[in-house]
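The values are calculated or read from the model by the stated rules, or taken from the named source; none is laboratory data. None of the values given here were measured: they were computed from a predicted structure. Here the Cβ positions follow ideal geometry from the backbone for every residue, glycine too, while neighbour counts run over all protein chains shown. We work out accessible area using only protein heavy atoms, side chains counted, and drop any ligands, DNA or RNA first. Shrake-Rupley method; radii C 1.70, N 1.55, O 1.52, S 1.80 Å.
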Amino acid sequence: AGAITFDDGFGNTGACASAITFIDGEAGILRYRGYPIEQLAAHSSFVETAYLVINGELPTIEQRRDFGRLLTQNAPLREGLLRFIQNFPRDSHPMAVLSATMNALGAYYPHLASNNHQRDLTHFDEAAAIAISKVRTIAAHTFRVNRGQPFNYPRPNFGYCENFLHLMFSEPYNEYIPTAEVASALNLFLLLHADHEQNCSTSTVRMVASAGANLFASISAGVNALWGPLHGGANMAVIEMLQQIHDSGDDGTKFLESAKAGKGARLMGFGHRVYKHYDPRAKIIKESFYKALASLGIKNDPLLDIAMKLESVALSDDYFVSRKLYPNVDFYSGLIMRAIGIPLNMFTVMFAIGRMPGWIAQWREVAQTPKLKIHRPRQIYVGQTQRDYLPMEQRG
Ligand code: CMC
């Protein structure tokens, strides 16, 4: 295949025009709708940023209130969907349950799933609020089912992150009320994941949307793409890697040697198709990490020590430097999730909750494209040339 030239992995293919997210990978710049990620991380919340990403402008007081109201109204799940989640095996991967349930929303809200987006975006706000609000309920309910624990119902007086933590961790005998620090660590994590232009899952959403498919069907496809370990699955893979290094008694040095030799696993949480510089999201997470740890009462995490060691060795190692491999968002985000108490198999689901505004905004951009063309790439055929059919007894 060496002689064949095409744009392998779409590394240099501009597939659409988009006004949502700007990335300069060489300079390590990320902006949502023109706002630097550093400013949003410092001053905004996940819900406000979700509104911005979807609608293009920061909300006024009134718009923020209406958006919050829509999210609150749409937080609970219909009984049928609760049973749907309950009927998966106890050890189901939460990403499998999430993608199936997001798709099933199309069955429960047929007026929002009529596959006619090019003509009708009348119900877009409702569909968007359902996706953003219910993804959190679905995720938390899946967690409860996997543990054999009863569901919690969303509380209308709680904010987005507080509600998620309540849905996850409250018990009938003990309501979980998160500290402001835990809620704000979660807020930051979600905000930093809100969009990231044409990554694999977003391109998947746009591809499916280009056929005219409804929002829930398109998002469900995005969830599946995100599940892969080279994409959203990396945040889970990072912790598994750090744990294995820790369990083997290595301080990271041996692991790095085998990653460089291409023998063992890659250094997960390192490298990015677009960033050839420190991922700005990783920088923000890393900076806020110590604050979060202190507020969570965690004195030290041995996996953090290994992560720091890996980073410092890799950043001065010729293999990583020459390939411009820097930590990406997933390198530290898993450590934050761990500190909050999110189990490992839910990490990628957390990424999906965060990415929901981006997928929705990108779906709408496709739906609003005048004279939209279905995405239909071409290929270089490398299979057999023409040959004749042989009856079975003549085949060797
Ligand atoms: N560890 C060791 N070597 C690496 C790594 C790594 N993490 N990433 C890339 N390389 C090497 C790779 O072997 C290749 O070397 P050579 O030129 O000698 O063959 C070179 O760097 C270029 O790699 P590539 O696979 O061609 O780069 P890509 O742009 O196709 O892949 C990536 C980008 C993110 C898939 C890749 O860097 C990777 O697998 N990283 C680990 C997984 C990860 O952290 N993913 C999360 C991405 S950020 C969040 C998200 O968007 O989901």
Name, by its number, the condition in (1) open to solvent by 10 Å² or more (accessible area, probe 1.4 Å); (2) out of contact with any helix residue (DSSP H, G or I) (no Cβ under 6 Å at 6 or more places or on another chain) that does not hold for GLY212. (1)
Which condition number in (1) closer than 27 Å to ASN157 by Cβ; (2) crowded, with 17+ Cβ neighbours inside 10 Å; (3) touching a residue at least 24 places away in the same chain (Cβ under 8 Å) is the one that GLU48 fails? (3)
Which residues, counting only those in the stretch 195-207, are away from the ligand (no atom under 13 Å from the Cβ) and either open to solvent by less than 40 Å² (accessible area, probe 1.4 Å) or among the acidic types (Asp, Glu) (or both)? VAL205, ARG206
Could you tell me whether TYR319 is within 16 Å of the ligand (Cβ to nearest atom), open to solvent by 60 Å² or more (accessible area, probe 1.4 Å), modelled with pLDDT of 90 or more and touching an Asp or Glu at 6+ places or on another chain (Cβ under 8 Å)? no
What is the residue count in the stretch 285-316 for residues that are among the aliphatic types (A, V, I, L, M) and either at pLDDT 90 or above or within 13 Å of the ligand (Cβ to nearest atom) (or both)? 7
Considering only helices (runs of 4 or more DSSP H) fully contained in the stretch 63-149, which possess at least 3 residues that are in contact with a Leu (Cβ under 7 Å, 6 or more places away or on another chain) and under 29 Å from TYR176 (Cα atoms)? 124-146
Failed item in (1) open to solvent by 10 Å² or more (accessible area, probe 1.4 Å); (2) closer than 28 Å to ASP305 by Cα; (3) modelled with pLDDT of 95 or more, with ALA221 passing the rest: (2)
Which listed residue, of GLY106, GLY148, GLY159, is open to solvent by 40 Å² or more (accessible area, probe 1.4 Å) and either within 27 Å of VAL205 (Cβ to Cβ) or at pLDDT below 95 (or both): GLY148
Contact list please: Cβ distance under 8 Å, first residue in the stretch 13-28 and over 16 Å from LEU40 (Cβ atoms), second residue outside any loop (DSSP other than H, G, I, E, B), pairs at least six apart or on different chains. ALA15/SER203; ALA15/ARG206; CYS16/ARG206; CYS16/GLU365; CYS16/VAL366; SER18/GLN362; SER18/GLU365; ALA19/GLU365
Could you tell me whether any residue of the stretch 348-366 is closer than 21 Å to HIS246 by Cβ and either touching a strand residue (DSSP E or B) at 6+ places or on another chain (Cβ under 6 Å) or among the hydrophobic types (A, V, I, L, M, F, W, C) (or both)? no
How about the stretch 179-194: which of its residues are among the small types (Gly, Ala, Ser) and buried (at least 17 other Cβ atoms within 10 Å of the Cβ)? ALA183, SER184, ALA185, ALA194
When residues of the stretch 14-26 are limited to those that are surrounded by 11 or more Cβ atoms within 10 Å (Cβ to Cβ) and in a loop (DSSP other than H, G, I, E, B), the one nearest to the chain's Cα centre (by Cα): ILE20
Taking only pairs six or more apart or across chains, which ones have beta-carbon atoms under 8 Å, a first residue in the stretch 245-259 that is open to solvent by less than 70 Å² (accessible area, probe 1.4 Å), and a second residue that is more than 14 Å from the ligand (Cβ to nearest atom) and part of a loop (DSSP other than H, G, I, E, B)? ILE245/ASP251
Assess whether GLY269 counts as being open to solvent by less than 10 Å² (accessible area, probe 1.4 Å) and either under 23 Å from LEU188 (Cα atoms) or not aromatic (Phe, Trp, Tyr) (or both). yes
Among residues of the stretch 230-261, those that are farther than 21 Å from MET346 by Cβ and more than 6 Å from the ligand (Cβ to nearest atom), counted: 15
When the stretch 162-178 is checked residue by residue, the ones that are touching a residue at least 24 places away in the same chain (Cβ under 8 Å) and open to solvent by 40 Å² or more (accessible area, probe 1.4 Å) are PHE169
